[in-house]
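Novice: Pasting in a structure now, in structure tokens, and then I'll have a few things to ask.
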Amino acid sequence: MEKKDGIYEEYYPNGQLWIKETYKNGKKEGVSEEYEEDGQLWMKGTYKNGKQDGVSELYDEDGQVWSKRTYKDNKLIEKGTFKNGKLIEKETIKDNKLDGVSEDYDEDGQLWRKRTYKNGKLIKKEYTN
């Protein structure tokens, strides 16, 4: 079987673009995009040497980012959740567990709570308001 190299695309039966990825020596490299059957972008992420590396964004039906995730060497290290285009929660992750500071924001974008985790366990909680 031949290794993929260059731009690779897959389409829905209706002819709409489903997946657009770039490969180098058979491994994903650069930007990868996935679309809904109606053409709406629902995921955009970056790859390096076949592994997720960098920011991936998930989009809602209105085309706004609802989740932003940062990966390093295929491991999730940070996750942000958005509502109406505004950040509402940001979490730091290590070895698939909360580790470090997690922050919650109100609808005005103001920080209202900070939580600190170590190896998935809550060790400190602070309220700013």
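Novice: Counting only C-alpha contacts under 8 Å and six or more residues apart, can you give the relative contact order of the range 42-129 as a whole percent?
Specialist: Relative contact order here is 15 percent.
Novice: While we're here: How many percent of all Cα-Cα pairs in the chain sit more than 19 Å apart?
Specialist: 60
Novice: Oh, and also: Quote the charge dipole size of the range 59-100 about the Cα centre in Debye, to the nearest 20; the model charges only the Cβ of Lys and Arg (+1) and of Asp and Glu (-1).
Specialist: The dipole of the range 59-100 has a size of about 160 debye.
Novice: With Cβ to Cβ distances under 10 Å as the rule, what net charge do the other residues near residue 105 carry (K, R +1; D, E -1)?
Specialist: So the environment of residue 105 carries a net charge of -2.
Novice: Further, regarding this structure: For a 25 Å ceiling on Cα separation, which of these pairs sit above it: 20/90; 79/118; 20/86; 44/118?
Specialist: As for pairs spanning more than 25 Å Cα to Cα, those are 20/90; 20/86; 44/118.
Novice: Tell me which of 123, 84, 70 sits at the most positive position along the dipole axis of the chain, charges placed on C-beta atoms (Lys, Arg +1; Asp, Glu -1).
Specialist: Working it through, the farthest residue towards the positive pole turns out to be 123.
We did not get these values from a lab; they are worked out from the coordinates using the rules stated. For clarity, every value in this text was computed on a predicted model and none was experimentally measured. All Cβ positions, even for glycine, are placed from backbone atoms using ideal geometry, and neighbour counts span all protein chains on display.
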